[in-house]
Amino acid sequence: MKRFSVLLTVLLAGSLLFSHMALRAQEAEANYNEAKVPRYTLPEALVCLDGSAVADSQQWFARRRPEILKLFRDQVYGHAPGRPEDVSYRVVESGEAFDGLAVRKQVEIKLRQGGKKLSVGLLLYIPTERGKTGAPAILGLNFAGNHTLSDDPAIILNTNWMRPRKDSGIVDNRATEAARGTSSSRWPLETILRRGYAVASAYYGDIDPDFDDGFRNGVHALFDKRGGGGQRAADAWGSIGTWAWGLSRIMDYLETDSDIDHARVAVLGHSRLGKTSLWAGAQDQRFAMVISNNSGCGGAALSRRAFGETVARINESFPHWFCENFRQYDGRENSLPVDQHLLLSLIAPRPVYVASAEDDRWADPRGEFLALKNADPVYFLLSGDTLAAAAMPQVNQPVIGRMSYHLRSGGHDVTAYDWDKYLQWADRYIGRR
Ligand code: GTR
């Protein structure tokens, strides 16, 4: 038995190393040359599929918005179910945190469907000083367990499968004490709390473990229906769809918690979780604001530019992220009926923040900027606001407004700089009252 598990660990480490090397090789051979970006025409945000123009917000919300949402569901992320048959919430732990700055609450969200169940562990820090309607909150999933956000010893160690962390050489797929606080640079909790915001986070693997298992584990197990021959529908949800759905289930809980002002919740995510926060914000209008940190391909970046990571590459490396239909567009981005400017348009008129990093060419910073810029017509129609920059701004010159953008110096990460800008922006719309 022991020998077997040693063998398994060696095999897992070997295959991880191999996939890591394969990924690096892909990154090296991708196109980073602006002159080689193919010619493309973006689908128009304000023209319906039948060719009629959208003239006002009523037509946008009644016709064009549902049409675009359906296209993303059919062709990109897949369709998600509604709320499960049964949901229950249990506060499993609470206490004072950070010398009285906040209250910590850990809530078990139990979802049941078709005789099966799934638990999501929500970690909440709520500022002690908050208004009558509760605190505004920033909600985001995390990559490696709630216990990695802070070295607060009261945070429950997650017992689910953990994605091995190539950056730190950890191939262990179980949470360990040693991992406490290892993501704290990405979650400056005390700074956020001092500014008056609550933080809500859950481990994304609680909703769906991030590996390709044929869509059998996580929340897929609760809902997936297979047709003849065990086939899934070509528009059945992938993992990004499940994580976004999980954010909405957390929002269901926040609506019941009077310590939180659920009308003032911003959803944030980095990288694959940035793709997730955009898709969650696009579908669920209860999210007051949406932040995409370095979300790249399948997130804020225009697919048609095929710069850095492409549709074909992402589908090959992460076959479980999108729906099966998305593969039709491998190398055929021009035939996609949508592009990511339309995903951002679905968030309008709610404030949206797209952030890129200069050295994160794999995520195509210019493509992220251009997607946001091309959401201008919808934002203008609904709010009168547009992105206050005609061309891509210089490094570390943020453009802040209802539509916000920055290109930070440095690489693929969430840093103090990013948070500083997000909080400045959030203060304008959902800040302290
Ligand atoms: C990369 C992937 C990106 C991004 C990133 C992450 O390997 O190619 O699309 O999602 O992972 O989530 O860290």
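Data for the structure
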item	result
Within the stretch 399-433, considering residues that are of a type in the set (Ser, Thr, Tyr) and under 21 Å from Gly140 (Cβ atoms), the one surrounded by the fewest Cβ atoms within 10 Å (Cβ to Cβ)	Tyr429
Qualifying residue in the stretch 258-271 (condition: within 16 Å of the ligand (Cβ to nearest atom) and surrounded by fewer than 22 Cβ atoms within 10 Å (Cβ to Cβ))	yes
Extreme residue, farthest from the ligand (Cβ to nearest atom), among residues of the stretch 377-398 that are surrounded by 19 or more Cβ atoms within 10 Å (Cβ to Cβ) and not hydroxyl-bearing (Ser, Thr, Tyr)	Leu381
Flag for Leu278 being touching a helix residue (DSSP H, G or I) at 6+ places or on another chain (Cβ under 7 Å), within 13 Å of the ligand (Cβ to nearest atom) and modelled with pLDDT of 95 or more	yes
Looking only at the stretch 293-319, and only at residues there that are within 11 Å of the ligand (Cβ to nearest atom) and on the phi > 0 side of the Ramachandran plot, the one that is surrounded by the fewest Cβ atoms within 10 Å (Cβ to Cβ)	Gly308
Meets criteria (more than 30 Å from Asp74 (Cβ to Cβ), modelled with pLDDT of 95 or more and not in a loop (DSSP other than H, G, I, E, B)) for Thr191	yes
Contacts under 6 angstrom Cβ, first residue in the stretch 288-301 being small (Gly, Ala, Ser), partner within 15 Å of the ligand (Cβ to nearest atom) and in a loop (DSSP other than H, G, I, E, B), 6 or more apart	Ser292/Gly299; Ser292/Ala300; Gly296/Glu309; Ala301/Asp364
Exclusive hit being under 15 Å from Glu324 (Cα atoms) and touching a Pro at 6+ places or on another chain (Cβ under 7 Å), set Asp212, Asp261, Asp224	Asp212
Only one of Gly230, Gly269, Gly246, Gly196 that is out of contact with any His (no Cβ under 9 Å at 6 or more places or on another chain), without any contact (Cβ under 8 Å) to a residue 60 or more places away in the chain and of a type outside the set (Asp, Glu)	Gly230
Enumeration of residues in the stretch 209-235 that are part of a loop (DSSP other than H, G, I, E, B) and of a type in the set (A, V, I, L, M, F, W, C)	Phe211, Phe215, Val219, Ala233, Ala234
The stretch 12-46, residues that are within 30 Å of Leu370 (Cα to Cα) and modelled with pLDDT under 95	His20, Ala22, Leu23, Arg24, Ala25, Gln26, Glu27, Ala28, Glu29
Any hit, the stretch 157-177, residues being part of a strand (DSSP E or B), in contact with a strand residue (DSSP E or B) (Cβ under 9 Å, 6 or more places away or on another chain) and buried (at least 21 other Cβ atoms within 10 Å of the Cβ)	no
Verdict on Ala288 being more than 14 Å from the ligand (Cβ to nearest atom), at pLDDT 95 or above and either within 12 Å of the chain's Cα centre (by Cα) or surrounded by fewer than 24 Cβ atoms within 10 Å (Cβ to Cβ) (or both)	yes
Verdict on Arg90 being in a helix (DSSP H, G or I), away from the ligand (no atom under 16 Å from the Cβ) and of a type outside the set (Gly, Ala, Ser)	no
Exclusive hit being touching a His at 6+ places or on another chain (Cβ under 9 Å), away from the ligand (no atom under 16 Å from the Cβ) and not hydrophobic (A, V, I, L, M, F, W, C), set Gly238, Gly218, Gly214	Gly214
Residues of the stretch 236-261 that turn out to be closer than 19 Å to Asp284 by Cβ and outside any helix (DSSP H, G or I), as a count	7
Any hit, the stretch 194-205, residues being within 16 Å of the ligand (Cβ to nearest atom), crowded, with 16+ Cβ neighbours inside 10 Å and either of a type in the set (Lys, Arg) or not in a strand (DSSP E or B) (or both)	yes
Residues of the stretch 320-332 satisfying the condition of being within 15 Å of the ligand (Cβ to nearest atom) and in a helix (DSSP H, G or I)	Phe326
Residues (among the charged types (D, E, K, R) and in contact with a helix residue (DSSP H, G or I) (Cβ under 7 Å, 6 or more places away or on another chain)) located in the stretch 200-231	Asp208, Asp210
Boolean, Arg313 is part of a helix (DSSP H, G or I), modelled with pLDDT of 95 or more and in contact with a Lys or Arg (Cβ under 8 Å, 6 or more places away or on another chain)	no
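The values are calculated or read from the model by the stated rules, or taken from the named source; none is laboratory data. Bear in mind the structure is a predicted one, so any value in this text is a computation, not a measurement. Using ideal geometry, Cβ is built from the backbone for each residue, glycine included, and neighbour counts are taken over all protein chains shown.
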